[in-house]
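Colleague: So that we are looking at the same thing, I have put the structure below in structure tokens.
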Amino acid sequence: MVPSADHGRFLRLFYVVIEGYRELRLKDEAIDALLGANNYEARLRRFRNAVFHYQEDPFDKRLIEFLDAEDSEHWGKALYEAFEKFFEKVLPIRQIVERLRSPEADKA
């Protein structure tokens, strides 16, 4: 898989969400199962590090290791959707959006 610039950027930044999830010791069955699958998390971390840290070799193998992993694109999409469901469940996202859209928000 050759990602577009936007998709590659998304993947690198998406790892920050995983780091926060780990650091906060959050738990979700679907997310935890995906993070434990096929070493994708470690590959994505190395992909991100290869981009955000200087590499002598501009074609460092870590750049393609995640992208070439079988079904990595499907894994990333499934993980994104699992995080979306998780955050909708644990954060008052809809209420905040509704409050921001209300006429009362304009007065504040």
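Colleague: Scanning the stretch 64-101 for residues that are under 16 Å from the mean Cα position of the chain (by Cα), without any contact (Cβ under 8 Å) to a residue 40 or more places away in the chain and more than 18 Å from residue 46 (Cα to Cα), which turns out surrounded by the most Cβ atoms within 10 Å (Cβ to Cβ)?
Modeller: Checking each candidate, the answer is 87.
Colleague: Would you be able to tell me the number of residues in the stretch 36-62 that are over 14 Å from residue 15 (Cα atoms) and not charged (D, E, K, R)?
Modeller: Summing the residues that are over 14 Å from residue 15 (Cα atoms) and not charged (D, E, K, R) in the stretch 36-62 gives 8.
FYI, it's all coordinate maths here, none of it is from the lab. These numbers were taken from a predicted model, which means no experiment stands behind them. Counting neighbours? That spans all protein chains shown, and the Cβs are built from the backbone with ideal geometry, glycine included.
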